Amino acid sequence: MRQPIGSHLHGLLDYLTGTALIGASRLSVLRRRFAGRALATAGGNHLVYSFFTDYELGVVKRLPYKAHLALDAVGALGLAVLPWVLGRKDPVDRWVPAAVGIYELSAVAMSDPSGAGGSIRATRHRAVTVEKPEGEVRALLEDPAEVRRFSPAGEWTGRFELRPAPGGRGTEIHAEADPADLRRAKQLLEAGEIVTAEGAPAGRRGPISAALPTLDTGA
Amino acid sequence: MKAITWAGPNRVTCEETPDPSVTNPRDAILKVTATTICGSDLHLYDGYVPAMQRGDILGHEFLGEVVEAGTAVSDKLSVGDRVCVSPMIACGSCFFCQQELFSLCDNGNPDAALAEAVWGQSPCGIFGYSHLTGGYAGSHAEYIRVPYADVGAVKVPDGVDDTQALFCSDAFATGYFGADMCGLGGGEVVAVWGAGAVGLFAIASAYLLGAERVIAIDRFPERLRLARERAGASEVLDYTQVDVVEELKALTGGRGPDSCIDAVGMEAHSGGLQGAYDRVKQATRLESERPYVIRECIQACRKGGTIAMIGVYGGVADKFPLGALMNKALHLRTGQVHAQRYLPRLLEHAERGEVDPAFVATHEMSLTQAQEAYQTFKQKTDACVRVVFRPHGA
Ligand SMILES: NC(=O)c1ccc[n+]([C@@H]2O[C@H](COP(=O)([O-])OP(=O)(O)OC[C@H]3O[C@@H](n4cnc5c(N)ncnc54)[C@H](O)[C@@H]3O)[C@@H](O)[C@H]2O)c1
Ligand SMILES: [Zn+2]
Ligand SMILES: [Zn+2]
């Protein structure tokens, strides 16, 4: 199985983490001390080389993505061990940079070096079978209001091909598309609505739920 | 509202959470009148199912009263209806639903990508059953949102009481599904591993579907007694006392049972070297299952027989006897229960008094006793078979 984080998602995380680190370094508990300076430097570096990386969200695409990942790993390790190397004794100065370093290392470990990623992949040829006649499928795929519903991020190109499924079992939609968009289109056609668990009630989430939900085992 | 949430391996809490609300036109909101801890919840409680998050509301076996119906289901369900709900969230109209394979529904799992990455394709959504099957809030709560309520919720006839109806939604449905997958034609011998609620209902269902003898296997005397006295098992085996495969051979004239039902799943218990081996591998996550029961089923089953795997598995197993499976030409049938298919039929059996599903309810507790309830059910202390919560009182 591929690592789950593709280059697109990785880019998003880069910019979010970069700004978050700089923001955090201004908090009163961290300001004007080693931990704050370490976080600000790490965040700044991150933003700079992300800007120059040749992935989707890079602006001046010079730095190969693999080299970016290597920089991530080196930087994260540095952050994790620096407090010890420099002999910092204060727990905040020690553990805050170390925790950020470990978080960054885990993000690197979960990133697919080819850039493709297991769950967030670049769009490529995909297909989905729908239990509906061709006309009905085409009508939905060409209706701008429905397109906005099944492709909320606007990644649907509008180019697709319909083929009858073997054995009269519905219609196949073939397209270069985000699999989630195809899935939602299928749901609209077959179930009449987009299935969701959003807004499901839940109890208190753990401290790392927002960033790394599946690692929040609560242990 | 009050709800029981997962707080990490072996930890559950009862806490205040927001109330659910109608999100889609086919939703209904139910006031949960009865719900129970299922063996499947133990796999989550024990931390063997990945993709649980702290704060997730548990529970998928329940009965409730409609308090609000979405616009697309208001012709089928009315406020006040007493309904029994399938744990499986299924659309009712995809290729799989049309064949009544509801647990394979294409449109029930909003997190399908995660399940596809792990299993190739995604099953349906399931209430309170990790983010692999949708991240839906579960039923160990005062209220619950039921998506596709027109397909999943079935009205309960007046002659069936809450406790009886409760078990029709999952434990009875699953046991019946296991027996159904055996393809019984009349006169068979069936062996059932596990005499929890699911196994007990598998025994009763095998008789309903034509089996001549059913042999129950477990280690708890009180469960084996229920197997014999309430479910009607013709023989019972304590697997800690006998060699199960040898004993089954002896009981079936050397042939082996025609069908074997695994109603235990991934956390099967075993002593000896085999047990230690799998425990270490599972604890270090080198294998996700402790697959003794399925190993034993394959070994014991008669040539050309059928194995129904209704015990739940999640990942990969070791030392799986492929040679026996292949050379004995066995049929292996599996799945999460297609509860929507069986619910109406089971409620009828209960209404006619042919089966009284309430016999597995041994304990009643309140949601606030979350940890005690899960622990009692897990350890099977105090002869516990099933704990029932009535979030709004009896
Ligand atoms: N397929 C489905 O849709 C579905 C639905 C509900 C439950 N389940 C599964 O069914 C299984 C049983 O559920 P339950 O509620 O009855 O749980 P339970 O924990 O009450 O019962 C399990 C029983 O298995 C017995 N057991 C353990 N090791 C054994 C062994 N080596 N040989 C024989 N028996 C052994 C235990 O003593 C226990 O009595 C679980 O795996 C659960 O996840 C599946
Ligand atoms: Zn269950
Ligand atoms: Zn479906």
Practice item. Pull up the cross-link candidates among the lysines for A:LYS186, meaning alpha carbon to alpha carbon under 16 Å and not fewer than 8 places away within one chain. Key: A:LYS132
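Of B:GLU222, B:GLU212, B:GLU68, which has the most accessible area with a 1.4 Å probe, and how do the rest follow in descending order?
Working: B:GLU222 40, B:GLU212 125, B:GLU68 90 Å².
These residues rank, largest area first, as B:GLU212, B:GLU68, B:GLU222.
Based on the Cβ-Cβ distance of A:ALA109 and A:LYS61, what FRET efficiency does E = 1/(1 + (r/R0)^6) give at R0 = 22 Å, to the nearest 0.05? Before the final figure, lay out each step's value.
Values: r = 24 Å, r/R0 = 1.10.
So the FRET efficiency works out to roughly 0.35.
How much mean residue ellipticity at 222 nm does chain B get from its helices, if each DSSP H run of length 4 or more adds -39500 (n - 2.57) and you divide by all residues, to the nearest 500 deg cm²/dmol? All intermediate terms of the calculation are to be shown ahead of the outcome.
Working: 14 runs with 120 residues, N = 394.
Value at 222 nm, helices only: -8500 deg cm²/dmol.
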Check your understanding: What nm value, rounded to one decimal, do you get for the distance between A:VAL85 and A:GLU136 when each label is placed 7 Å out toward the C-beta?
Key -> 6.4
Exercise for review: Please figure out what share of the DSSP beta bridges in chain A is antiparallel and state it in percent, rounded to the nearest 5.
Suggested key: 85
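For chain A, report the translational diffusion coefficient in µm²/s to the nearest whole number, using Stokes-Einstein at 37 °C, 0.692 mPa s, and a Kirkwood Rh over Cα pairs. Could you put the intermediate results ahead of the total?
On the way: Rh = 20.2 Å.
Estimated diffusion coefficient is 162 µm²/s.
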**Study point:** trypsin sites (Lys or Arg not before Pro) restricted to the stretch A:73-112 and DSSP loop, no more than 10 other C-beta within 10 Å
**Key:** A:LYS89
Revision key, fill the gap. Scaled by the rule-of-thumb 2.2 N^0.38 Å, the alpha carbon Rg for the stretch B:87-240 gives a ratio of 1.18
Review point. Dividing the convex hull volume of the alpha carbon atoms of the protein assembly as shown by its residue count, what do you get in Å³ per residue?
Key: 181
Check your understanding: Where a ≥ b ≥ c are the square roots of the eigenvalues of the C-alpha gyration tensor, would you call chain B rounded, which needs a/c under 1.5, or, failing that, prolate if a/b is larger than b/c, or oblate?
Key -> prolate
Check your understanding: Based on the Cα coordinates of the stretch B:299-394, what is the per residue volume of their convex hull in Å³?
Key -> 195
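Which whole number in µm²/s is D for the stretch A:124-191 by Stokes-Einstein, with the Kirkwood Rh taken over Cα pairs at 25 °C and 0.890 mPa s? Mind dumping the intermediate values first?
Working: Rh = 11.7 Å.
The estimated diffusion coefficient comes to 210 µm²/s.
Take every residue in peptide B:105-113, count the Cβ atoms of other chains within 10 Å of its Cβ, and give the average of those counts. Each step should come with its number before you reach the end.
Numbers: counts 3, 10, 12, 3, 3, 10, 3, 5, 8.
Per residue, the average neighbour count from other chains is 6.
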Practice item. Give the calculated FRET efficiency between B:VAL245 and B:GLU351 to the nearest 0.05, with a Förster radius of 30 Å applied to their Cβ-Cβ distance. Key: 0.15
Exercise for review: Calculate the translational D of the stretch A:16-77 in whole µm² s⁻¹ from Stokes-Einstein, where the hydrodynamic radius comes from the Kirkwood formula applied to all Cα pairs, the temperature is 4 °C and the viscosity 1.567 mPa s.
Suggested key: 107
Exercise for review: Using amide H atoms built 1.01 Å from N in the peptide plane, name the residues 5+ places from B:VAL388, or on other chains, whose amide H lies under 5 Å from its own.
Suggested key: B:HIS363, B:GLU364, B:MET365
Check your understanding: Cα-based Rg (one decimal) and Dmax (whole number) for the stretch B:164-318, in Å?
Key -> 14.7, 45
Review point. For labels at B:LEU322 and A:ARG126 in the simple 7 Å Cα→Cβ model, what's the distance in nm?
Key: 3.1
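Write out the trypsin sites (Lys or Arg not before Pro) in the stretch B:275-316 meeting two conditions: DSSP loop, and at most 14 other Cβ atoms within 10 Å of their Cβ.
Numbers: sites: B:ARG279, B:LYS281, B:ARG285, B:ARG295, B:ARG302, B:LYS303; in loops: B:ARG285, B:ARG302, B:LYS303.
Sites meeting the loop and neighbour criteria: B:ARG285, B:LYS303.
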Check your understanding: Which far-off residues, 5 or more places away or on another chain, put their amide H under 5 Å from the one on B:TYR143, with H placed in the peptide plane?
Key -> B:VAL32
Point to revise | Over chain A: helical MRE at 222 nm, DSSP H runs n ≥ 4 each giving -39500 (n - 2.57), nearest 500 | key: -15500 deg cm²/dmol
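Enumerate lysine pairs in chain B that are 8 or more residues apart or on different chains, then count those whose Cα atoms are under 16 Å apart. Write down the numbers at each step before the final one.
On the way: B:LYS2/B:LYS31; B:LYS31/B:LYS155; B:LYS76/B:LYS155; B:LYS249/B:LYS303; B:LYS249/B:LYS328; B:LYS281/B:LYS319; B:LYS303/B:LYS328.
Lysine pairs meeting the criterion: 7.
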Exercise for review: With θ set to phi - 60°, apply the Karplus curve 6.51 cos²θ - 1.76 cosθ + 1.60 along the stretch B:316-326 and write out the HN-Hα couplings as whole Hz, x wherever there is a Gly or Pro.
Suggested key: 10, 10, 9, 6, 8, x, 4, x, 5, 4, 6
Review point. Measuring from the lowest to the highest alpha carbon on each principal axis, how far does the stretch B:231-344 reach, largest first, in angstroms?
Key: 39, 38, 31
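The values are calculated or read from the model by the stated rules, or taken from the named source; none is laboratory data. In this text, all values refer to a predicted model and were calculated from it rather than measured experimentally. Note: ideal-geometry Cβ built from the backbone for every residue, glycine included; neighbour counts use all protein chains shown. Accessible surface is based on the protein model in full, side chains and every heavy atom, while ligands, DNA and RNA are left aside. Shrake-Rupley method; radii C 1.70, N 1.55, O 1.52, S 1.80 Å.
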